[in-house]
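Report on the following structure.
Values in this text are rule-based calculations from the coordinates and carry no lab data. Everything quoted here is computed from the prediction, not taken from an experiment. Counting neighbours? That spans all protein chains shown, and the Cβs are built from the backbone with ideal geometry, glycine included.
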Amino acid sequence: MKFSTWEKVGGSVLIAAWLIYGVNFIGDSLVQADEAPPSAKKAMSAKTAKAPAKTAQAPSGSGDALALLASVNPDAGVKVFKKCKSCHTAGKGGKNKVGPNLWGAVGRKKASHGGFKYSSTFKGLDGNWGYKDLDTFLSNPKAYAKGNKMTFAGLKKASDRAAVILYLRGQSDSPLPLP
Ligand code: HEC
């Protein structure tokens, strides 16, 4: 196939245009890639600096409270447990109120306290109350098991959950080893 001079010129102009466009495009993405990390870092440090409490309040909560268990003061848990007292006793042989007695609750089988009428949702739960389960449950009881009877908004602060879990751990004949 033979091209006329004009066709050749036109073709090379087109190719040149594509090359310029391409180089520009690649150049732009390189510059962007270069710029991204510092601005992302800035955004992140601004976030952590501004709202440390907020990060601790992450709704999933998993991990946060567990990390605090070793450092939190168990006496703080006595105070937090005041929020639970309208429905729970924690002492040995304590009676069931709106919720079950919580003596030995940390580590015991879920929904297993004698004489308490658990919801069918709770009766369907498997396993024992380990630290992670308690952390998740207490951060948002309603979301933990749909249809359960514990009408409590939840403890948004990881330090509150850690404190009350540590307190409950002590309310037992054989406290569950810390994670
Ligand atoms: C408004 C009443 C109410 C409040 C307040 C409340 N609970 Fe409960 N709690 C319940 C009920 C009711 C159940 C049983 C749920 C079911 O059967 O669906 C329960 C279940 C539990 C269980 C599981 C016990 C088991 O034997 O499986 C734990 C642990 C628990 N609550 C801890 C707490 C803690 C800690 C607090 C305070 C931070 C708290 N609850 C606040 C009513 C309450």
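Okay, which of the range 154-172 sit inside 20 Å, backbone N to the point 7 Å along the Cα-Cβ direction of Ser86? Correct set: 154-157, 160-161, 164-165. Two decimals, Cα atoms only, Kirkwood Rh: what is Rg/Rh over the range 58-170? Result for the range 58-170 is an Rg/Rh of 0.92. Within the range 87-127, the trypsin sites (Lys or Arg not before Pro) that combine a DSSP coil assignment with at most 11 other C-beta atoms in a 10 angstrom radius are Lys92, Lys95, Lys117. Charges were assigned to the Cβ only: +1 to each Lys and Arg, -1 to each Asp and Glu. The resulting dipole of the range 58-170 about its Cα centre is roughly 480 debye.
The stretch between Lys123 and Ser71 holds 15.4 nm of extra length on full extension. This uses 0.36 nm per residue minus the Cα-Cα distance. With a simple spin-label model that places each label point 7 Å from the Cα along the Cα-to-Cβ direction, the separation between Lys97 and Lys132 comes to 3.2 nm. For the range 86-142, the fraction of C-alpha pairs farther apart than 16 angstrom is 43 percent. Extension gain, Ala143 to Glu7, is 42.0 nm, computed as 0.36 nm per intervening residue step minus the present C-alpha separation.
The phi-based Karplus calculation (6.51 cos²θ - 1.76 cosθ + 1.60; θ = phi - 60°) puts the 3J(HN,Hα) values of the range 97-106 at 10, 5, x, x, 4, 10, 4, x, 5, 6 Hz, whole numbers, x for Gly and Pro.
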